[in-house]
Amino acid sequence: MSSLPAASADRRRDPEPEPAAVSDNAFQDYLLQGVSRTFALTIPQLPPALARTVGNAYLLCRIVDTIEDEPDLDTARKRRFCERFTGVVAGAVAPEDFAAELHPLLSERTLPAERELIAETPLVMRINRGFNPARREAIEICVRIMAEGMAEFQEKRSAHGLERLVNLDRYCYYVAGVVGEMLTRLFCDYSPAIARHRDELMELSVSFGQGLQMTNILKDVWDDRERDVCWLPREVFDASGFDLAQLQPGRYQPGFGAGLGRLIGVAHGHLKDALAYTLLIPPEETGIRNFCLWALGMAVLTLRKINRHRDFRSGREVKISRRSVKATILATRLTVRHDRMLRSLFYLAGHGLPRGSATPVAGRGRAGAGAHRG
């Protein structure tokens with residue numbers, strides 16, 4: 001857990017959970033372990049009350065992901081269930097009704113942990129109802145925008161990629177940028193010291209989310225291809241002389257590598273924004289900083305592997321090792337309070353990556369002051 005000072009006049013204290021809520025929180029932790037080993041590792045670094053909120057928010061977002069990924073649902077039913085789930089989080093639809101309707105439709109290709117998560121939607125929402133209004137609103141805004149955006153892009157999905165880089169920016173906003181905005185709202189609600197930088201953090205949060213999402217899209221390009229999905233922008237690869245319609249594992253072409261290099265540079269630029277975001281968090285908030293730094297460090301190392309092996313044929317080939325994860329955790333724990341050392345670590349980790357600027361991202365500059373309405 002976070003090694004925050006015990007006496008901080010600037011931090012908002014959260015009440016301890018009621019005894020009856022302890023078992024719910026433990027089961028939420030169990031669900032989180034099942035659907036994401038990465039977030040199950042990083043979320044406990046947050047201060048306990050904030051960790052409960054962020055863990056709950058992640059599970060709700062994962063429900064939207066499960067709807068998006070279920071292969072036996074057509075686009076019309078995916079949109080319908082996204083709308084129904086938005087109603088659940090807003091309090092307009094009973095979570096029991098939603099779970100009872102969706103769970104029987106999930107195929108064996110949906111992971112057992114995700115099917116269990118859908119079945120336990122009522123429990124996840126019961127925990128959500130215990131948060132203060134500001135936190136519930138932050139989560140509701142995120143889920144609504146994410147669900148609307150995912151439904152939109154499910155109707156546009158193609159095995160031949162998105163048309164332009166701006167379409168990729170928009171997709172990344174819906175699936176990750178809104179999460180960055182939500183986390184910023186939660187961090188600001190937790191700490192008045194963080195809230196002093198709200199506008200700057202909101203500006204950078206979308207870019208942070210895009211950097212992480214672009215890294216995942218590049219890593220998972222072949223896994224997506226097996227599902228007849230491609231989120232790469234055709235205009236980038238057309239410019240390097242490669243047609244995404246010809247994308248096949250094991251048939252590497254220099255034009256594909258050139259396009260990949262440009263996107264690696266763009267993602268690297270967004271991760272620079274992610275570092276700037278993290279350094280705006282007060283140094284004494286070591287738990288929140290580590291939560292951000294671990295995700296950032298693992299993304300940079302993944303980009304480095306992709307860059308060195310642009311002819312990779314499977315996400316497994318560019319997945320960073322457990323040793324690298326442990327090294328990231330150790331290095332950031334030792335330097336978490338020292339901005340200059342963190343900048344040096346970022347430079348060393350990203351050495352050799354293409355240099356690129358973060359592209360303008362959807363949502364940037366529009367959602368900083370209040371509830372973004374999409």
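Rule-based calculations on the coordinates, nothing more; no lab input. Worth saying up front: this structure is predicted, and the values here are computed from it rather than measured. In this analysis, Cβ positions are derived from the backbone assuming ideal geometry, glycine residues included, and neighbour counts consider all displayed protein chains.
Here are some notes:
- As a proxy for reagent exposure, VAL175, VAL206, VAL166 were ordered by neighbouring Cβ count within 10 angstrom, fewest first; the result is VAL166, VAL175, VAL206.
- DSSP-assigned coil residues among trypsin sites (Lys or Arg not before Pro) in region 163-249, each with at most 15 further Cβ atoms within 10 Å: ARG164, ARG196, ARG227
- Farthest toward positive dipole pole in region 199-321 [+1 Lys/Arg, -1 Asp/Glu at C-beta], among LEU296, GLN213, LEU244: LEU244
- With a Förster radius of 35 Å applied to the beta-carbon distance between LEU330 and ARG227, the computed FRET efficiency rounds to 0.45.
- Other-chain or far-sequence residues with amide H under 5 Å of LEU162's (modelled H): LEU232, ARG234
- A straight chain from ARG343 to GLU155 at 0.36 nm per residue would run longer than the Cα-Cα distance by 63.6 nm.
- Computed 3J(HN,Hα) for region 92-102, one whole-Hz value per residue from the Karplus formula 6.51 cos²θ - 1.76 cosθ + 1.60 where θ = phi - 60°, is 9, 10, 5, x, 5, 5, 4, 4, 5, 7, 7, glycine and proline marked x.
- What you get for the chain, charging only the Cβ of Lys and Arg (+1) and of Asp and Glu (-1), is a dipole of about 1400 debye around the Cα centre.
- Prolate/oblate/rounded label for region 158-374 (Cα gyration tensor, a/c 1.5): oblate
- Between region 34-64 and region 159-186, the Cα center-to-center distance that results, in Å: 20
- Point-to-point label distance, ARG308-ARG109, nm (Cα→Cβ direction, 7 Å offset): 3.4
- Expected 222 nm ellipticity per residue - DSSP helices of 4 or more, -39500 (n - 2.57), all of the chain, to 500: -20500 deg cm²/dmol
- Listed options for semi-axes √(5λ) of the Cα gyration tensor in Å are (1) 46, 25, 18; (2) 34, 22, 18; (3) 31, 27, 18. The value calculated from this structure is the one marked (3).
- Farthest positive-ward along the chain dipole, Cα basis, beta-carbon charges - from PRO133, LEU102, VAL178: VAL178
- Here region 233-349 is treated with +1 on each Lys and Arg Cβ and -1 on each Asp and Glu Cβ, and its dipole about the Cα centre works out to around 580 debye.
- The phi torsions of region 39-52, fed into the Karplus equation with coefficients 6.51, -1.76 and 1.60 and a -60° offset, translate into couplings of 6, 5, 7, 8, 4, x, 6, 6, x, x, 5, 5, 4, 4 Hz, rounded to whole numbers, with Gly and Pro shown as x.
- Legend: residue pairs LYS272/LYS305; LYS219/LYS326; LYS78/LYS272, Cα-Cα distance threshold 25 Å; pairs beyond threshold, LYS78/LYS272.
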